[in-house]
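Structure, as structure tokens:
Each value in this text was obtained by applying a stated rule to the coordinates, not by laboratory testing. Since this is a predicted model, take the numbers as computed values, not measurements. Backbone-built Cβ (ideal geometry, glycine too); neighbour counts: all protein chains shown.
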Amino acid sequence: MKEEKHCSQCGGTLSGRSDKRFCSNQCRAQAHNAKRQQNEGEQLMVRINATLRRNRTILRQASPQGKTTIYRQVLEMAGLDFRYFTHLYRTKTGNTYHFCYDYGYLLLPEEKVLIVNWQPYMEK
Ligand SMILES: [Zn+2]
């Protein structure tokens, strides 16, 4: 019995050559674009994950004890990318800490930064 083949994109029945994967050039192009978009998304995630890890390493090295005030420029020169962080923590007094996993920072006046460690009470 001959098995019926289907288009990988739209699921429509394939006729003719048995090595065909798509029913039309349109489906082939759609599948190609979807694959490219998926690859671009995965590359973006890999890049951002690497940036987040680098940010955490820089914060940890700048503040081994988990609480340090430092000039923002020092972190920038070490390669910290301030655009990327994993989450925010807002204090009751209205300060917003940016965290890269378990290391966070608060931007202070005069271009300074306070680096802190994640604390269990921040979970709420
Ligand atoms: Zn198709």
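Observations
- Chain lengthening between Glu111 and Gln30 when straightened (0.36 nm per residue, less Cα-Cα): 24.3 nm
- Mean Cβ neighbour count within 10 Å, used as a protection proxy, ranking 85-92, 5-12 highest first: 5-12, 85-92
- Taking Met45, Met122 and counting other C-beta atoms within 10 Å, the order from fewest to most: Met45, Met122
- Its relative contact order, with pairs defined as Cα atoms under 8 Å and 6+ residues apart, puts segment 60-124 at 34 percent.
- 5 angstrom amide H check on Cys23, placed H, neighbours 5+ away: Ser8, Gln9, Cys10
- Ranked packing of 69-80, 52-63, most packed first, by mean Cβ within 10 Å: 52-63, 69-80
- Between Thr96 and Phe82, the contour length at 0.36 nm per residue exceeds the alpha carbon distance by 3.7 nm.
- Whole-angstrom gap from segment 73-123 to segment 1-58, using each part's C-alpha centre: 38
- For the chain, the longest principal axis of the alpha carbon atoms and the long axis of helix 25-62 meet at an angle near 20°.
- Highest-first packing order for the peptide set 96-109, 30-43 is 96-109, 30-43, based on the mean count of other beta carbon atoms within 10 Å.
- Note: relative contact order over the chain, using C-alpha pairs below 8 Å and six or more positions apart, is 18 percent.
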